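Okay, structure first, notes after.
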Amino acid sequence: MNDLSDAELIHQFRNGQTQAFNLLVWRWQKPVFNFLYRFLGNLQDAEDVNQKTFIKVYQKISSLKEIDKFRVWLYQVAANEARDQLRKRKRHFFLSLDMQGKSPSENNENITLELPDPGSDDAQQNIYREELKKIFTHAMQEIPQEQREIIIMKIYQDLKFIEIAEILQESLNTVKSRMYYGLKALKKALQKQNFSEEVLHYEV
């Protein structure tokens, strides 16, 4: 059953084979979670919205007309649920994973992270990369939501521009424009953290 396409699994689920839906969840749960975590910048929110996404998918999949576009529809559901979560937040700031548990006053302070000099030691390299990820996660939250979601979909989820346009129900030119300005905003946010071109290359 692992070799079946998404469309074939949907057909089986509609014919009463609930295991087919479980396989869809197994196949897509991690990619969707990764998208949500990068978009929301908070582990607990990403887990909650991931669960809500697949509950919504379970409820609506029987009425999906173009089952060959399941991936596009899935990310559309996830993006809508993520936007709902952002609207529910009482404060307009984002927390990276390492900041959880701090008080609101601490979270509002400027973040200063010192990067260790990467040496040949594997443990030191891992520490260095983790610090880079923290800074990168924080920088992603500084760019506008409509630009951030496109960057994540394109770079991390490897979606095509035309698929992103379908997911967001925007024109292709709008998607490409937001990608362009989003990358410029991200570069500016990273420069505030004293990222050099060499460090950016290391992170990528």
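Table: residues versus (1) at pLDDT 95 or above; (2) small (G, A, S).
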site: V32; (1), (2): yes, no
site: N50; (1), (2): yes, no
site: R83; (1), (2): no, no
site: L95; (1), (2): no, no
site: G101; (1), (2): no, yes
site: S105; (1), (2): no, yes
If P31 meets every condition in (1) in contact with a Leu (Cβ under 7 Å, 6 or more places away or on another chain); (2) surrounded by fewer than 20 Cβ atoms within 10 Å (Cβ to Cβ) apart from one, which number is that one? (1)
List the number of the failed condition for Q44; all other conditions in (1) closer than 21 Å to K88 by Cα; (2) modelled with pLDDT under 95; (3) surrounded by 14 or more Cβ atoms within 10 Å (Cβ to Cβ) hold. (3)
Qualifying positions in the stretch 143-169 - within 19 Å of R87 (Cβ to Cβ) and outside any helix (DSSP H, G or I): I143, P144, Q169
Can you name every residue in the stretch 47-77 that is among the hydroxyl-bearing types (S, T, Y), in contact (Cβ under 8 Å) with a residue 40 or more places away in the chain and surrounded by 16 or more Cβ atoms within 10 Å (Cβ to Cβ)? Y75
I'm trying to understand the selection: among the residues of the stretch 140-180, which are among the acidic types (D, E), surrounded by 19 or more Cβ atoms within 10 Å (Cβ to Cβ) and within 27 Å of K192 (Cα to Cα)? E149
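The values are calculated or read from the model by the stated rules, or taken from the named source; none is laboratory data. Every value quoted in this text rests on a predicted model; they were computed, and no experiment measured them. In this analysis, Cβ positions are derived from the backbone assuming ideal geometry, glycine residues included, and neighbour counts consider all displayed protein chains.
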